[in-house]
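The values are calculated or read from the model by the stated rules, or taken from the named source; none is laboratory data. Computed from a predicted model, the values in this text were never measured in an experiment. FYI the Cβ positions are ideal-geometry reconstructions off the backbone, even for glycines, and counts take in every protein chain you see.
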């Protein structure tokens, strides 16, 4: 992990992928769909936010478990910063989703189950951040934060993936709508979508590693 | 008489559908793209992205310098 | 005459668990005002609901009120579950394994929740009626939902009790996490109030039961970490 934090190659890759996403997202042909028209291109920006958030939370849980087994505060720092950036991505995802919904579904918040579920998911992680801030002792903060982090992720998975599929939903892939595979995601969109997911996720990890390194330096300064 | 009216209505609506479908284009931003305005959009977004990346890279380099300093002091 | 509790080290796990449950019972028995406070809370909220909704209550509103009052009473009641332990945790480290402590808490507060549900249903029936078309199915769903509430809140209470502002932190931590359980239980409940059969709600009920099992398993894995200082 320490090597990865300082290596430059994947950061350059991020830049290339995101530039490709922007150019390709606007210029490459998109399927002609009723109601959505050109806004289908938002797919390359809104959905990777969620993918990025879930992957960051997953890695955060991994580091939370590592902290609980080794009691090394470094792992707790990784878990904390990954949650922070993950929450930021989640907020951006919800806001971009609201903008998209305003123009296609008619209203920003249409009580769609997946929308509600994502808002609740963010509330759970906000509660985690509040929990961490209310504790003083470093090890206690890390320990209880790790426990709640694991618990939150275990609640997140059914909340975001199982519950929306069981009810009527406007999102594709949930509630009886066909998944994106049927919306021409075969050739046109996929060429930009997969690199976009990679690019945005790497960007999230880059920002998280920057915060981790800055926090570590701050700790060194505090102890001198 | 009633049956003829119903048949006429049916034909009317079918004809309407045919006319609408014959245009069969779902509106996309073809004119916008045709006039080259899409490149303006791309330029603006790339400019913003470029600014963000520039800041991130500078921050990254500054952190590396600080870490090297910390390492030497120890 | 007061009963004193002798806490010799027990080697059989069942004995330890039973001793811990007896300890919790004794604490609540000696501090009756805590339980009385919860009962008063339930009574007062139902009475206010009765005053507000006296003749305008429809089955859907009844359902919503029921679950709302159950949620808030559970949080208040179960929020105090680890309150005593803050001062005595060192004593326990030598005498009881964390697994036993958690099991005893889960069992005790499971019964606590059932009592709360019985009290709530009784008083609700008294004031606002019981316009449910399928009472037995309603009770099954209620049991599944209430057990979900009690296991989630027990784990969260163990985390919240360790901080200084435990009572403030408990609702913040508990509300977002309990929303999936509530979503399933309340939608089921609404269907049942309007007369659904087991087939209609079985999907949701299964997810609810699985969720309970997952949370119980997670509690057993995570509790030793939040318990030890």
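Return the only residue of C:155, C:205, C:142 being within 8 Å of chain A (Cβ to nearest Cβ) and at negative phi. I'd like the intermediate steps shown before the answer.
Details: C:205 fails: within 8 Å of chain A (Cβ to nearest Cβ); C:142 fails: within 8 Å of chain A (Cβ to nearest Cβ).
Exactly one of C:155, C:205, C:142 is within 8 Å of chain A (Cβ to nearest Cβ) and at negative phi, namely C:155.
Could you please find all residues in the range A:210-224 being surrounded by 13 or more Cβ atoms within 10 Å (Cβ to Cβ) and facing chain B (nearest Cβ under 9 Å)?
Those that are surrounded by 13 or more Cβ atoms within 10 Å (Cβ to Cβ) and facing chain B (nearest Cβ under 9 Å): A:210, A:213, A:214, A:216, A:217, A:220.
Please determine whether any residue of the range C:6-14 is at pLDDT 75 or above and under 18 Å from residue C:118 (Cβ atoms).
There is no residue in the range C:6-14 that is at pLDDT 75 or above and under 18 Å from residue C:118 (Cβ atoms).
For the range A:1-14, what are the residues that are facing chain B (nearest Cβ under 10 Å) and not in a helix (DSSP H, G or I)?
A:8
Restricted to the range C:165-177, and to residues that are assigned to a helix (DSSP H, G or I) and within 9 Å of another protein chain (Cβ to nearest Cβ), which residue is surrounded by the most Cβ atoms within 10 Å (Cβ to Cβ)? Break it down stepwise before answering.
Step one: list which residues in the range C:165-177 are assigned to a helix (DSSP H, G or I), which gives C:166-177.
Checking which are within 9 Å of another protein chain (Cβ to nearest Cβ) leaves us with C:168-169, C:172-177.
On the way: C:168: 12, C:169: 23, C:172: 18, C:173: 28, C:174: 24, C:175: 17, C:176: 21, C:177: 24.
My answer is C:173.
Identify, by number, the condition in (1) modelled with pLDDT under 90; (2) closer than 22 Å to residue A:187 by Cα; (3) part of a helix (DSSP H, G or I); (4) in contact with a helix residue (DSSP H, G or I) (Cβ under 7 Å, 6 or more places away or on another chain) that residue A:17 doesn't meet.
All conditions are met except number (1).
I need the full set of residues from the range A:133-146 which are crowded, with 18+ Cβ neighbours inside 10 Å and under 19 Å from residue A:85 (Cα atoms), in order please.
A:141, A:142, A:145, A:146
Looking only at the range C:141-164, how many residues end up being in contact (Cβ under 8 Å) with a residue 24 or more places away in the chain and not in a helix (DSSP H, G or I)?
Residues meeting the conditions: 2.
Please indicate, with yes or no, whether at least one residue in the range A:116-128 is more than 9 Å from chain C (Cβ to nearest Cβ) and either crowded, with 19+ Cβ neighbours inside 10 Å or touching a helix residue (DSSP H, G or I) at 6+ places or on another chain (Cβ under 6 Å) (or both). Break it down stepwise before answering.
Kept after step one, since they are more than 9 Å from chain C (Cβ to nearest Cβ), are these residues of the range A:116-128: A:118-119.
When the remaining residues are screened for being either crowded, with 19+ Cβ neighbours inside 10 Å or touching a helix residue (DSSP H, G or I) at 6+ places or on another chain (Cβ under 6 Å) (or both), the result is A:118.
Yes, the range A:116-128 has at least one match.
Is one or more of the residues making up the range C:61-70 in contact with a helix residue (DSSP H, G or I) (Cβ under 8 Å, 6 or more places away or on another chain) and without any contact (Cβ under 8 Å) to a residue 60 or more places away in the chain? Before you say what the answer is, go through the steps one by one.
Of the range C:61-70, the ones in contact with a helix residue (DSSP H, G or I) (Cβ under 8 Å, 6 or more places away or on another chain) are C:61-67, C:69-70.
Filter again for without any contact (Cβ under 8 Å) to a residue 60 or more places away in the chain, leaving C:61, C:69.
Within the range C:61-70 (the criterion being in contact with a helix residue (DSSP H, G or I) (Cβ under 8 Å, 6 or more places away or on another chain) and without any contact (Cβ under 8 Å) to a residue 60 or more places away in the chain), the answer is yes, since at least one residue qualifies.
Counting only residues that are away from chain B (no Cβ under 11 Å) and either within 13 Å of residue B:60 (Cβ to Cβ) or crowded, with 20+ Cβ neighbours inside 10 Å (or both), how many does the range A:198-209 have? Walk me through it before giving the result.
The first filter runs over the range A:198-209 and keeps only residues away from chain B (no Cβ under 11 Å), leaving A:198, A:200-202, A:204-205, A:208.
Restricting the remaining residues to those that are either within 13 Å of residue B:60 (Cβ to Cβ) or crowded, with 20+ Cβ neighbours inside 10 Å (or both) gives A:200-201, A:204-205, A:208.
The number of residues fulfilling the criteria is 5.
Working only within the range A:172-192, note down all residues that are modelled with pLDDT of 70 or more and either in contact with a helix residue (DSSP H, G or I) (Cβ under 6 Å, 6 or more places away or on another chain) or in a loop (DSSP other than H, G, I, E, B) (or both). Outline the logic, then answer.
Let us first name the residues in the range A:172-192 that are modelled with pLDDT of 70 or more, namely A:187-192.
Scanning the range A:172-192 gives A:187, A:188, A:189, A:192.
For residue C:182, work out the one condition from (1) over 18 Å from residue C:61 (Cβ atoms); (2) at pLDDT 90 or above it doesn't fulfil.
Result: residue C:182 fails condition (1) only.
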